[in-house]
Amino acid sequence: QVQLVESGGGVVQAGGSLRLSCEASESIFAINVMGWYRQAPGKERESVALITSGGQTKYVDSVKGRFTISRDIAKKMVFLQMNSLKPEDTAVYYCNAKIGAWGTSHWGQGTQVTVSS
């Protein structure tokens, strides 16, 4: 079982930037998919950005061109660079890892991102 710890959240003004970090307790090179999800109060959790073990990335349409997911395998970390932040980006952001043949999800504790207008 991998443990995930997010950091980097905070309060920023619209148009600003934040970089979220997710540190894993073990090597991430063999994890099929890692990603960032977010959940705002009263709304469903949504996938924001994904990165596969091969380095392929996928983004939800609302963040394309603004967010970038990346990884540092040596550091066992995954990042989410968030630029041009909007108030609607306000949510708790969770790091996720899908492990095993069935892609069982493992979650971090979440980090709050608040974007003020």
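Relative contact order for the chain: 36 percent, from Cα pairs under 8 Å spaced at least 6 residues apart, divided by residue count.
The modelled label-to-label distance between A101 and E26, using points 7 Å beyond Cα along the C-beta direction, is 1.8 nm.
Shape index of the chain: Rg/Rh, with Rg the Cα radius of gyration and Rh the Kirkwood radius from the inverse mean 1/r over Cα pairs, equals 0.95. Averaged per residue, the chain has 54 square angstrom of accessible surface, using a 1.4 angstrom probe with ligands and nucleic acids left out.
The count of lysine pairs in the stretch 29-117 whose Cα atoms are under 18 Å apart, excluding pairs fewer than 8 places apart on the same chain, comes to 4.
Backbone geometry of the stretch 107-115 corresponds, through the Karplus equation with coefficients 6.51, -1.76 and 1.60 at θ = phi - 60°, to 3J(HN,Hα) couplings of 10, x, 7, x, 9, 7, 10, 10, 10 Hz, x marking Gly and Pro.
Computed from label points 7 Å out along Cα-Cβ, the spacing between E44 and V2 is 2.5 nm. Residues of the stretch 3-29 with an amide N closer than 13 Å to a point placed 7 Å from the Cα of D72 along the Cα-to-Cβ direction: 20-24.
In debye, nearest 20: dipole of the chain around its Cα centre with unit charges on the Cβ of K, R (+) and D, E (-)?
160
Packing around the peptides 96-109, 24-37, taken as the average count of other Cβ atoms within 10 Å per residue, puts them in this order, highest first: 24-37, 96-109.
Peptides 61-71, 40-50, ordered by how many other C-beta atoms sit within 10 Å of their residues on average, highest first, read 61-71, 40-50.
The values are calculated or read from the model by the stated rules, or taken from the named source; none is laboratory data. Note that the coordinates shown come from a computational prediction; the quantities given were computed from them, not determined experimentally. We place every Cβ from the backbone using ideal geometry, glycine too, and count neighbours over all the protein chains shown. Surface areas here come from the heavy atoms of the whole protein model, side chains and all, with no ligands, DNA or RNA. Shrake-Rupley method; radii C 1.70, N 1.55, O 1.52, S 1.80 Å.
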